[in-house]
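What follows is a single structure, written as structure tokens, with notes after it.
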Amino acid sequence: MKEKNIAIMLGVMCFLLTVGICVQVRTVTSNASKMGRTYAENELRDSVLKWKEKYDLAYQKLETKEVKLEKLRETVSTSSESSETAKADLEKNNMALGYSEVIGPGITIILKDGELNSNKLDVSSYLVHYSDLVEVINALKNAGAEAISVNGQRIVNTTAISCAGNIIRVNNEKVGVPFVINAIGSKEKLYGALTMLGGYIDKLKDDGVDVDITQQNSITIPKYDGVYKYEYATKAE
């Protein structure tokens, strides 16, 4: 009887022990699962924070680059405008100095030696002299001519017209009859100034020089091929 009771007690104790172990195992498993989920959540949170930090840094760099790019655009735009202005100024200066070929309306004057006239005592009077070229050119300038050439030689501020014997030089280049003078400007104004009564052209005609003046809708005057040289003039500070 005692042995039976002892067996029953041992059985009950084993059952209780088994139940206790099961409960403990479930508790441990549940805790481990919770810890695993918590760890995974922490890892995910850390990863998100790291990527957000990288994104914020990249965004700041992008903003900085955009500011620099905008400044660069403004600089390029300003430089481009300055460059265009400088280019336009250079073209105007080249035209004024004679370094550019130009085209426009104006007049053409052709001067040729007249035919020998036995009634004239001064035989040289019907010949074209370098001083005649100078007078005609000055008359054209006074009438507002913007560009002038003599036999293809561009007349500029430093142009010299000289004579040695029967040789006339313009820009140190030999020129001869017929002298073809082209001038760009108001063709009506230039023509009127040159053909006015009592003007220098009238004098040349009276002397027997052969003169022909025509108005032109389009004249091309070549650029000056020489070089401006200054021996005494320097830029003022």
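The values are calculated or read from the model by the stated rules, or taken from the named source; none is laboratory data. Remember, predicted model here, so these are calculated numbers, not experimental data. So basically every Cβ, Gly included, is an ideal-geometry build from the backbone, and we count neighbours across all protein chains shown. SASA here: full protein model, heavy atoms, side chains in, ligands and nucleic acids out. Shrake-Rupley method; radii C 1.70, N 1.55, O 1.52, S 1.80 Å.
What FRET efficiency comes out for the pair Ser162/Thr214, r = Cβ-Cβ distance, R0 = 35 Å, nearest 0.05? That gives a FRET efficiency of 0.80.
In the context of the full set of protein chains, residues of the stretch 106-198 present 54 Å² of accessible surface per residue (probe radius 1.4 Å, heavy atoms only). Looking at the stretch 188-237, the chymotrypsin sites (Phe, Trp or Tyr not before Pro) that sit in a DSSP loop and have at most 10 other Cβ atoms within 10 Å of their own Cβ are Tyr230, Tyr232. With a ≥ b ≥ c the root eigenvalues of the C-alpha gyration tensor of the stretch 142-237, is it rounded (a/c under 1.5), prolate (a/b larger than b/c) or oblate? Cα axes put the stretch 142-237 in the prolate bin.
Each Lys and Arg adds +1 at its Cβ and each Asp and Glu adds -1 at its Cβ; summed about the Cα centre, the stretch 102-214 shows a dipole of about 320 debye.
Annotation: amide H-H contacts under 5 Å for Arg154 (H modelled 1.01 Å from N, sequence separation of 5 or more, or interchain): Asp225. Take the Cβ atoms of Asp206 and Tyr232, set R0 to 41 Å, and the FRET efficiency comes out at 0.45.
Only protein atoms count toward the accessible area here, which uses a 1.4 Å probe; on the stretch 122-237, the carbon and sulfur part of that area reaches 47 percent. DSSP assigns beta bridges within the stretch 132-237; of those with both partners inside it, close to 100 percent run antiparallel.
The local environment of Asp132, defined by Cβ-Cβ distances under 10 Å, has a net charge of -1 under the rule Lys, Arg +1 and Asp, Glu -1. For Ala183, the shell of other residues with beta-carbons less than 11 Å away shows a net charge of +2, using +1 for Lys and Arg and -1 for Asp and Glu.
For the stretch 181-224, the Cβ-based charge dipole about the Cα centre amounts to some 280 debye (Lys, Arg positive; Asp, Glu negative; other atoms uncharged). With each label modelled as a point 7 angstrom along the Cα→C-beta vector, the Ser124-Val67 pair spans 8.2 nm. The 3J(HN,Hα) values that the Karplus relation (6.51, -1.76, 1.60; θ = phi - 60°) gives for the stretch 163-171 are, in residue order, 9, 10, x, 9, 9, 10, 10, 10, 6 Hz. Gly and Pro appear as x. Its Cα gyration tensor gives the stretch 113-193 an equivalent ellipsoid. The semi-axes, each the square root of 5 times an eigenvalue, are 24, 17, 10 Å from largest down.
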